[in-house]
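The values are calculated or read from the model by the stated rules, or taken from the named source; none is laboratory data. Note that the structure is predicted; figures quoted are calculated from it, not measured. Here the Cβ positions follow ideal geometry from the backbone for every residue, glycine too, while neighbour counts run over all protein chains shown. Just so you know, the surface numbers come from the protein's heavy atoms only, side chains and all, with ligands and any DNA or RNA stripped out. Shrake-Rupley method; radii C 1.70, N 1.55, O 1.52, S 1.80 Å.
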Amino acid sequence: MTSQNQLFDRLCRSRVNLADYSTYEIGGEARHLALPHTLEEVAAMLEGAKSKGLNPFLFGMGSNTLFPDHPDDEMLFFSLKEHIEFKLLPGRLFVSAGTSMTLLSLFGLYTGIDSFDFTFLLPGTLGAGIYMNAKYFNHQISDVLETAYVIDKEHPEKGIISVPLSSCEYGYKTSIFMRRPWIVVGADLKLPEDPKLTSEQTNELFAKLRSKNLPSSMLPDYFRHYTNELNVAAKQGFHVRQELLDVIADRSGKLHFDYPSCGSVFKNNYTIGEPMGKLVDRLGLRGTVRGGAMISDHHGNIIQNRGGAKASDVTDLVKLVQEKVEGEFGFVPEPELVIV
Ligand SMILES: Cc1cc2nc3c(=O)[nH]c(=O)nc-3n(C[C@H](O)[C@H](O)[C@H](O)COP(=O)(O)OP(=O)(O)OC[C@H]3O[C@@H](n4cnc5c(N)ncnc54)[C@H](O)[C@@H]3O)c2cc1C
């Protein structure tokens, strides 16, 4: 047995409940799941999957993914959320793909840099944010990205490939990463000004933020952890910008953390002139229930798990909205949610 295969067997957990790895808290038992911590472990995962004929499915925090009720035994689910690295470089910050996007806003809080404020309480990992150009109001990941680093799943032997911003083909919740067999492993992010910390202090700061047990994919846990981090910073005398407090008010007001969900289910269709939430409202679909899932009675573009929902309950509601919207408004809304 090669050392890569041994590493694969050591990293792979069996019979793991995917519901524990998704903010929907939905998903059946996976036969294979791995959480690599290093790039060497990522390479061993890919190698092992190939030699065992498994189909790898990559995810981060599972905040935009609906896992199946009965996962295919031939799939290897693997998340980079435990691969967390950062390095302050001249004029830029290198961050590994598994890092929580919210940690970027905390880095900004401690260093006086405000360009990452929009990532505060934006669930998910940087890798997925780069993949789908995560967005909060007028700010998106492509605003802060300089270069993404990827591994080609089909040709891992090529090593790490640099993708500069100009080649990322970014648009509204779309990118080249959705069209290539690439795993984003990290990125250089732009720093608009020099942070008030030295490189060593930055490393210490991230090590401290990381040393606390990072939250699970349960949304109340996530909300509590990161709002508490603001309180800790404030007690140490750091200035908490109003923008961060506004995020708490906005997301709490929209009940983002009250029920398991994956946030917005559909992308907006900007040719229609109204966001998806409003269109669903106009169809009177808010509050519609299928099994344990419900179209939020607060926001028409969110489907919540109100207790014991199955993936099929959510997909039934997705289909219902698509049919009704097509009938009334003449287009089939495109899910933003990744349905496995
Ligand atoms: C309460 C709530 C509010 C939300 N609000 C917003 C919002 O305001 N704006 C917004 O944009 N989104 C929002 N979302 C959705 C979610 O935050 C983003 O889609 C985020 O980018 C998902 O990150 P993740 O790590 O959880 O991705 P996952 O759900 O784990 O994965 C999503 C997709 O990304 C791919 N992927 C993951 N990691 C990588 C990688 N390293 N390389 C390549 N592909 C990868 C996966 O294969 C999958 O297809 C919200 C979600 C919730 C639950």
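General remarks:
- Within the listed set K310, K196, K153, the Gaussian network model of the chain (springs between alpha-carbon atoms below 10 Å) gives the highest mean-square fluctuation for K196.
- Alpha-carbon centroid distance for the pair the range 251-267 / the range 126-184, whole angstrom: 24 Å
- Near the amide H of A30, within less than 5 Å, lie the amide hydrogens of V16, N17, L18, all on another chain or at least 5 residues away, with H placed in the peptide plane.
- Derived scalar couplings between HN and Hα for the range 156-167 equal x, 5, 6, x, 8, 10, 8, 10, x, 3, 5, 9 Hz in order, rounded to whole Hz, by the Karplus curve 6.51 cos²θ - 1.76 cosθ + 1.60 (θ = phi - 60°), x for Gly and Pro.
- Taking a straight Cα-Cα cut-off under 18 Å and skipping sequence neighbours fewer than 8 places away in the same chain, the lysines within cross-link reach of K310 are K319.
- For the chain: rounded, prolate or oblate by the Cα gyration tensor [a/c cutoff 1.5]: oblate
- For the chain, the solvent-accessible area with a 1.4 angstrom probe is 44 square angstrom per residue.
- The share of accessible area on the range 188-285 that comes from carbon and sulfur is 51 percent, using a 1.4 angstrom probe.
- Surrounding net charge for G27, when Lys and Arg each add one and Asp and Glu each subtract one, Cβ distance under 9 Å: -4
- 14 Å Cα-Cα reach of K196 towards aspartates and glutamates, excluding residues that sit fewer than 8 places from it in its own chain: D114, E204
- Cβ-based net charge around K87, under 13 Å, with every Lys or Arg adding one and every Asp or Glu removing one: -3
- A Förster radius of 25 Å, combined with the Cβ-Cβ distance separating L197 from E146, puts the computed FRET efficiency at roughly 0.85.
- Residue-count net charge about P156 - beta-carbon cut-off 13 Å; Lys, Arg +1, Asp, Glu -1: -3
- For a paramagnetic label modelled on S167 (point 7 Å from Cα along Cα→Cβ), amide N atoms under 14 Å away belong, within the range 141-160, to 146-152, 158-160.
- Full-stretch length increase - Y270, Q236 - with 0.36 nm per residue and alpha-carbon distance subtracted: 7.9 nm
- Label-zone membership for the range 172-198, site K50, 7 angstrom Cα→C-beta point, backbone N under 20 Å: 180-186
- Excluding same-chain neighbours fewer than eight residues apart, the lysines reachable from K158 by a Cα-Cα span under 19 Å are K50.
- Rel. contact order, % - alpha carbon contacts under 8 angstrom, at least six apart, the range 120-234: 25 percent
- V289-E328 FRET efficiency (beta carbon distance; Förster radius 22 Å; 0.05 resolution): 0.60
- Counting heavy atoms of the protein chains alone, I272 has an accessible area of about 60 Å² for a 1.4 Å probe.
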